[in-house]
Every structure is written in structure tokens, then in C-alpha cells.
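These notes concern the structure reproduced below.
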Amino acid sequence: MQNELNGQFPKIPKEKLTLIQRDRRITDQKLETKSIGYFKDVWLRFKKDKSAVVAFVLIMILLLFSMFVPFISPMDVSFREESFAYMLPKMFNNTGFWDGTFATEQTQGGFDILRGIGVESGLSPVVGTVRESEASDGTKRYSFRQDSYCTPGYEIKVLGEKEYKAMMAYQDEHNIQILYPVPVTWNVKFNGYSAGNYWYKLKDERPTSSGEAVYDENGNYIPNYLTSDNPNAGDYTSLRLPGDNGGEDGKTWYTYAMKVQGGYRVRINLYNDFIFRNGFKPVFVFGTNVYGQDIFSCLAYGGQLSFILAISVCLINFVIGAVYGAVEGYYGGTTDIVMERISDILGYMPFIVIATLFKLHLQEQVGPLFSLLFAFVLTGWIGMAARVRMQFYRFKGHEYVLAARTLGARDRRLIFKHIFPNSLGTIITGSILAIPAVIFSESMLSYLGIIDLNTSSMTSIGTMLSNGHDCLRTYPHVILFPALFISILEISFNLFGNGLRDAFNPSLRGAED
Amino acid sequence: MTKYVVKRILLMFLTLFVIMTICFILIKLLPLPLIKSINKDVALQAKKYEQRGYYKPIMVQYYNFWKNVLTSWDWGMGEQLYTDRAVWPVMMQKLPYTVLVNLYSILIAIPLGLIFGIYAALKKNKWQDNVISTLVMVFTSVPSYVYAFLVQYFLCFKLKWFNPVVLSQDQAPLMSWKMFMSMVPAVLSLGFGVVAGLTRYTRAELSEVLTGDYMLLARTKGLTKRQAISRHAMRNAMVVILPMIIGEFIGILGGSLIIEKIFAIPGIGNVFVDSIAVKDYNFFMAETFFYTFIGLASGILTDISYGFIDPRIRMGSKK
């Protein structure tokens, strides 16, 4: 047939033959449709898992909180206001909820003191309506909401001359009264509140005084300040109280300061003193702890530490585990057995022992954070290595690997170019799921006091929990916020990790639809 | 099977030996903790240390350490913690607390975990399952100390049902109702995690087993659903669940450091934390041994129990 056909044209003139293509190479046509790559597919399936997406958003919020609050917040870890210890969380004003107040019931004496604080400065710890009732022994009881921010009241203090002068200058400039007249009873060591709060005429002036006041005929407090004929006693030249006009004879001026060795003894309003020293009003969104540290800011610092530690641990473990597992799984045989034994031995060492040994040996050279990091890295990669090893055992016998080897690919290329990308999904999921574990271990170790990450510039959630546990009975808010933070973080990371695991698992493709 | 078990046990002791060696050397490389107490004669203390061989070369100390441990189970004397008392008896005296608290918690948790797990698996993808699965997710993620704080705050401080801390042995004998009641908060806090873990496990296993062909066959041959589940599905699911429970039982010896701290349980974990805080190295070594041993033993027991429970699994057999 062929020959016959050829025979029909015994001679084809050469000039009739033309080349049909010369200037372009013929290659495969590109597909018209868009292809969905592995990661695109993962993303599409991840998006469908609503809880994982929500968890991811939550993680991001907590991450942003931890990263940015330390920059924005005027308070940091070294911020300590001992007189403002255990302030309640305050977010709103006078709403009865999250406004720094708490319900309380007081006897006549306790009520007089608290009301007195407000009468003098206008910053009253007694807010809302006061309900009177009668106790079984016939005495009166007052129940009302108490503002914890005004409760510290006043304090008798000795100031250095410079500070005293600065305070007076501030008073004049901002018209805020910080220095108040010193009461007669300033040197009595009262059992209840600090002596600065007993400024009125008391029924009983002994240290055991309940604080009950003697009222004048109008039912008002009778001031019990030290007086002198010199209006500027103690070099005081600044604002005076409204009623302080020298008295009837013009010679009874209230004493605002007493010159003593090393400075001036004064009585300061702690709330206004706080404004003077810090430049802002005391408002702690999450309250304060025993040292008067702002829990909101500390939480951000603690979260920052947890995030930084966990993420760096996971990145390092990712690298070490991937390489170790790849070598184990790829070479197999004796290499595998020996390397497995090593990781076995490390893996069975209790983590707390490792953390302790690292701390004892390295803390002084590199600091607590890095010694903890090393401890995490020492054993953390084992799980990762085991996972990678499994994947390598699975893939190394596949035909495509064999083909690549036949083409002359070297071990390194086979490992990293051909097998490793296939196990990437499992490894990423493993890394993400390791993050909550690291955060938990870190908080546990610092809670137990085995690792002390508390310095002037950092704190950890575990330390905050430990501080909070000491006052769990009386001030549960101190522990509430760190516990809430870490719980949300753990739940979110687990949800996110699980969502990612399902998304990376190609066998589940289309299973949900 | 026997060969495999023997091999695993020998390997366990080898691992234990290596870990102890590493710890021993790392500990001995550290300087001896300073004698801080004022009313103690420093020279006398140094003499005591010399007598106990703390100034000898590390290799000599290492030899003596194993000699004492292997011949007379002597782990040395407490130096900073429980000064001059033998380490091991002190630890064994603390052990019952740890064991008791954990034993109570898993005895309560196992039935609950199984029941919830089975129920969730039977109601798979219905609202009951969704509720249980969500709760399990929350309870396995939230750190155990958070429940402990909640339990302590609400049950002990607010409602005042229980003592906030576990009683000491002077206040009540170990095996008494009063002691049990004081342990309840700790037991509850530990239990949440175990229940959640077991529920998740049981649900996963059982729902996989339920889709098996033999379940269909069992129903086809006329068994009721209940019969099919109890005779076929549960048995097969148990193959995986039971080893986990067995491992859990060994784990009770170790207990939870943080729960012991929160509820002031005078258990073995608290001794560990204290020994780290005051740098008592003899206690540290003995506790390290104890915890490592528990970890290894529970691993082995879990593995071996697979072979005992399921005749289809031949441990360590060649292909």
C-alpha cells in the first residue's frame, strides 16, 4: 500500500516540499482550566471547617494582643503600685458590672471610714445606693457597692524635699489636691485601715477603734486635723481645703506637712498621688495582683513569652526532627536502629528532669528563657522525627522515587526534593499541635516554680497563675484572666491543628460533602 | 511472645541505666549546694559530706552509687530536704497519697469515659454526639490546673462542700471517709481529663468498629442491635481501649505534679518539686529513677497487653 502510494509520485520536485513549521516548537498545550495545587486544595478544605477558622482568628487576636499591648500599654511588668494591690477589673464606669466595684456589707465604723474617704476628696469608695439593715445584735449594717480604686484612701508618708516640692507644683498646675491635712491621730497604729484615713473626730481613738465617727448637729463629720497659727506650716504653699480659712480667730490653719528629718511628713491621697506619679488615672482593665501589677499588661507580656517560646521551639524542632527522621527513615537498617535507640533514651527522660538539669547547668550562662528553650529542643523533636520517619518508610519504596534514583538523583535530592514534600502536611500539623503542648509545659513549670521566668521585663502565665492561686479565695479575678487566656489559647490551637490535619489529609477529600 | 517480653524488659533496663548515668554525671558536675543554715556548723557539715563521699572523684561516686542501690537499695540520705533521713523510705511514705488520689480518679473516670464514649458512638453525628464531642474537645484542651482552680474555687471556697487542701495523716487516717472527702476536689480535677480522653478514644474506636462488615453480618443473622454491639463491637473496640486503660493504671503512680501542688497533697510529686527547689540531689536522683521507671514500665505494659488481649496480634513476630 505504502509503496503503491509512493509509486504514484515517483518524483516529487524538491521545490514543492515546504516545511510546515520551522520557527516555533511544538509543545503540550497549557490546560485551559485552573489547576488546584496541593496547598490550594488544603486551603479550600480548611476554609470549610468553620470551627478551625474561628480558632485561627482567635489565635490571631491573642497573638496581636500579646505583641502589641506591651507597646501601647503605659504599664509594663516592672510597673508596681503596692498601694493599689488587688484592684478589681474595671472596664466601664458605674454599671455594677466590670466597673471595679464589689458588693459589701459594713458595720457603722467601717461605713464611716469609707464614706469619710469620699467626703474629704470626692473620690468615694461608697457608690450606688446604701441599704441600711439591723443585725441580730441590734447594731446597724450598711450594704452598698464599694469602689476598690478609692478604697486605698490616704496614707501618712515621709517625702523627700524634692518630691514634696514637685507635688506642690503639680497641685498648683493641675488643681488636683494630693496633699491633705494631717490628722491628730496620724501616729496611731490603727488595726483596720492606714492612719491617714482617720481624719475625723472618732468615738474611740485607740488603735482598736472601729472607726465610728462623732457627727456634728447636721450629721456631718467633724474634722480632726492638726492646726497651727502658721498657714504655711511645713513650708506648704499650695492648694488648701475649702473649709480651711484660718478659723474664727484667723490662727487655726490646717497643717498639711510636718518637717521631719529627711523631708516632710505628709498625708497623701493615693488616687491622686497615682495620677501625679503616672500621669493617668488608675484604671486596670483586668485588675491588679498582690504587687499592684497590671494584669492586662502582664498577661500580654506572659502571652508574648509563651508565643515566642512555643513558636521558636516548634521551628527548631521542625528542622531537627525533619532531618533526623529523614535520615532514619531513608537509610533504615542499622542507622535507623541506632538513631531510634538514641531518641528512645531521650524520649523516656522525664521532661521535668531535663528542664531542671538544663536550668541548673545553663541558667547562669544563658538565662532562664534560653535554658528552657534548650530543654524543649532537646526532646521536642522526637515526636516530629518519628512522624517524618514513618512517612519516609511509606514513600521511599514508591516507583517515582525509584525512577528518580535510576535517573541518577543523589540521596540528598531524593530526600528533600522527592520524599519530603509528600510528608510536609503531617509535619506541619504536628508542629502546630506541638505549640499548645509547649505552652502548657512552660506554664506548668513556671507555676511549679521549677523555672523562674519572672524578671523586671518579662513574666509568664504560669507565674501569674501561681500568684493568683495564693489569693484564689479572696480575689479570684487575679487567676481568672490568665486561666482564661491559656484555656482559650489551648482550645484554639487544638481546634486549628485538628482542622489543619483534616485539611492536609487527602483521603478525607470530599468526605464532608 | 516470651522472648519479646524478655527483650523489651532488658531493653528497658538498659535505657534506664543510660538515663540514670546521664543524670548522675550531670548532677555531680554541679557544685554541692551551699550550706546556708546559720546554726549549723559549716565544718561539721563539710565533714559529713566528706564522710558520705561527696568530694570523691565522680567515677568513684558513680561506682558507689550503683553499688549502694543494687546491693541494699540505698539511695542516700536527704541533705536539704528531710535532712539525714534515708531517701527511699521517705518517698515510699509519700507514695500512698499519690496512688490513692489517682486511683480514685481513674476508678471514677473509666466507667464514665466508657459510657460517654459508647453513647457518642451510637448516636454518631446526632446532637448528643456533637455535644459530647465538643465537651471532650474543650476538656482535653483546657489544662488540668484550670479545672483544679475552678473546682477549688467553687466547690471548696464558695459552696464550702470540701476542704480546699487534702488532710494530712495526723488529721485523718489514710483509708477513711474523711480523708476520701478531702481528696474529692483533687480527684475531680484529675478525672475531667481522663474522662474526656477515654470518651474520645472509645468513640473513635467504636464508631470505626461499628462500620465493619461483620457488624452487618451480625445484624443480618438476627442479633438485636444491643446483642451485636455488646458481643461483637465492644469486644473489638476493647482491644485498643483496654491497653490504654492499663497504661493509665501504671500512670497513677506518677500522678500529677501540678494537682498535688494545688491541693497540697503530701505526695511523691511534691517531694520532687521541693527537691528541685532546694537542690537536694539525692532526692532528685531517686525521683528521676522513679518517674523514668514508671514511664518505661507503662509503655511496655501497654505494648504487651495488646498481645495478651488480642490473639491476632503477635508482638515482635517476624513478617
Qualifying residue in the stretch A:472-492 (condition: without any contact (Cβ under 8 Å) to a residue 40 or more places away in the chain, more than 19 Å from A:ASP294 (Cα to Cα) and either of a type in the set (A, V, I, L, M) or away from every other protein chain (no Cβ under 14 Å) (or both)): no
- request: Kindly provide the set of residues from the stretch A:128-165 that are without any contact (Cβ under 8 Å) to a residue 60 or more places away in the chain and farther than 23 Å from A:LEU88 by Cα, ordered by number.
  value: A:GLU132, A:SER133, A:GLU134, A:ALA135, A:SER136, A:ASP137, A:GLY138, A:THR139, A:LYS140, A:ARG141, A:LYS162, A:LYS165
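Give the number of residues within the stretch A:430-445 that are of a type in the set (S, T, N, Q) and more than 11 Å from chain B (Cβ to nearest Cβ). Let's see the steps before the verdict.
Going through the stretch A:430-445, the residues of a type in the set (S, T, N, Q) turn out to be A:431, A:441, A:443.
Now drop any that are not more than 11 Å from chain B (Cβ to nearest Cβ), which leaves A:431.
Residues meeting the conditions: 1.
Yes/no per residue for (1) farther than 24 Å from A:GLY347 by Cβ; (2) within 14 Å of chain A (Cβ to nearest Cβ); (3) without any contact (Cβ under 8 Å) to a residue 40 or more places away in the chain; (4) part of a loop (DSSP other than H, G, I, E, B):
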position	(1), (2), (3), (4)
B:TYR4	no, no, no, no
B:LYS7	no, yes, no, no
B:PHE13	no, yes, yes, no
B:PHE17	no, yes, yes, no
B:MET20	no, yes, no, no
B:ILE27	no, yes, no, no
B:MET59	yes, no, yes, no
B:ASP74	yes, no, yes, yes
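Select from the stretch B:147-186 the residues that are within 16 Å of A:PHE481 (Cα to Cα) and either among the aromatic types (Phe, Trp, Tyr) or under 19 Å from the mean Cα position of the chain (by Cα) (or both) and write down the one among them that is surrounded by the fewest Cβ atoms within 10 Å (Cβ to Cβ). I'd like the intermediate steps shown before the answer.
Going residue by residue through the stretch B:147-186, those that are within 16 Å of A:PHE481 (Cα to Cα) are B:147-150, B:153.
Now restrict to residues that are either among the aromatic types (Phe, Trp, Tyr) or under 19 Å from the mean Cα position of the chain (by Cα) (or both): B:147-149, B:153.
Working: B:TYR147: 22, B:ALA148: 24, B:PHE149: 21, B:TYR153: 18.
Residue satisfying both the conditions and the ranking: B:TYR153.
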- prompt: Quick one: would you say A:THR429 is of a type in the set (Ser, Thr, Tyr), out of contact with any strand residue (DSSP E or B) (no Cβ under 7 Å at 6 or more places or on another chain) and surrounded by fewer than 22 Cβ atoms within 10 Å (Cβ to Cβ)?
  reply: yes
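Could you pull out every one of the strands (runs of 3 or more DSSP E) wholly within the stretch A:120-165 that has 3 or more residues that are under 14 Å from A:ALA103 (Cβ atoms) and either in contact with a strand residue (DSSP E or B) (Cβ under 8 Å, 6 or more places away or on another chain) or among the hydrophobic types (A, V, I, L, M, F, W, C) (or both)?
Working: elements: A:126-134, A:140-147, A:154-159.
Counting at least 3 such residues, we get A:126-134, A:140-147.
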field: Residue that is surrounded by fewer than 17 Cβ atoms within 10 Å (Cβ to Cβ) and either free of Cβ contacts under 8 Å to residues at least 60 places away in the same chain or not aliphatic (A, V, I, L, M) (or both), where the choices are A:LYS189, A:LYS201
entry: A:LYS189
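When the residues of the stretch A:342-380 are filtered to those that are among the charged types (D, E, K, R) and more than 7 Å from chain B (Cβ to nearest Cβ), which remaining residue is farthest from A:GLY303 (Cα to Cα)?
From the stretch A:342-380, those among the charged types (D, E, K, R) are A:344, A:359, A:364; that's our starting set.
Subset that is more than 7 Å from chain B (Cβ to nearest Cβ): A:359, A:364.
On the way: A:LYS359: 21, A:GLU364: 24 Å.
Taking the candidates together, the pick is A:GLU364.
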query: If you go through the stretch B:251-265 one residue at a time, do you hit one that is surrounded by 17 or more Cβ atoms within 10 Å (Cβ to Cβ), over 30 Å from A:SER441 (Cα atoms) and away from every other protein chain (no Cβ under 12 Å)?
result: no
field: One residue from A:ASP513, A:ASP502 being in a helix (DSSP H, G or I), out of contact with any Gly (no Cβ under 8 Å at 6 or more places or on another chain) and at pLDDT below 85
entry: A:ASP502
task: Go over the candidates B:ILE35, B:ILE115, B:ILE25 one by one and state the one that is under 26 Å from A:LEU357 (Cα atoms), surrounded by 13 or more Cβ atoms within 10 Å (Cβ to Cβ), among the β-branched types (Val, Ile, Thr) and modelled with pLDDT of 90 or more.
output: B:ILE25
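Within the stretch B:134-250, which helices (runs of 4 or more DSSP H) (wholly inside it) include 1 or more residues that are touching a residue at least 60 places away in the same chain (Cβ under 8 Å), farther than 30 Å from A:ALA52 by Cα and of a type outside the set (Gly, Ala, Ser)?
On the way: elements: B:144-151, B:177-210, B:213-220, B:225-228.
Counting at least 1 such residues, we get B:177-210.
Per-residue answers, yes or no, for (1) of a type in the set (Val, Ile, Thr); (2) crowded, with 19+ Cβ neighbours inside 10 Å; (3) within 24 Å of A:PHE351 (Cβ to Cβ):
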| site | (1), (2), (3) |
| --- | --- |
| A:ASP411 | no, no, no |
| A:LEU424 | no, no, no |
| A:LEU453 | no, yes, yes |
| A:SER456 | no, no, no |
| A:THR459 | yes, yes, yes |
| A:GLY462 | no, yes, yes |
| A:HIS469 | no, yes, yes |
| A:VAL478 | yes, yes, no |
| A:PHE496 | no, yes, yes |
task: Go through (1) outside the structural domain of B:LEU296 (by TED's automatic domain parsing); (2) without any contact (Cβ under 8 Å) to a residue 12 or more places away in the chain; (3) not acidic (Asp, Glu) one by one and return the number of the condition B:ARG52 breaks.
output: (2)
message: Give me the residue from the stretch A:244-289 that is touching a residue at least 40 places away in the same chain (Cβ under 8 Å) and among the basic types (Lys, Arg) and, out of that set, surrounded by the fewest Cβ atoms within 10 Å (Cβ to Cβ).
response: A:ARG265
query: So which residues in the stretch A:447-469 are within 11 Å of chain B (Cβ to nearest Cβ) and either modelled with pLDDT of 90 or more or not in a loop (DSSP other than H, G, I, E, B) (or both)?
result: A:TYR447, A:LEU448, A:ILE461, A:GLY462, A:LEU465, A:SER466, A:GLY468, A:HIS469
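The values are calculated or read from the model by the stated rules, or taken from the named source; none is laboratory data. Bear in mind that the values here come from a model prediction, so they are computed numbers and not experimental data. All Cβ positions, glycine included, derive from the backbone under ideal geometry; neighbour counts span all protein chains shown.
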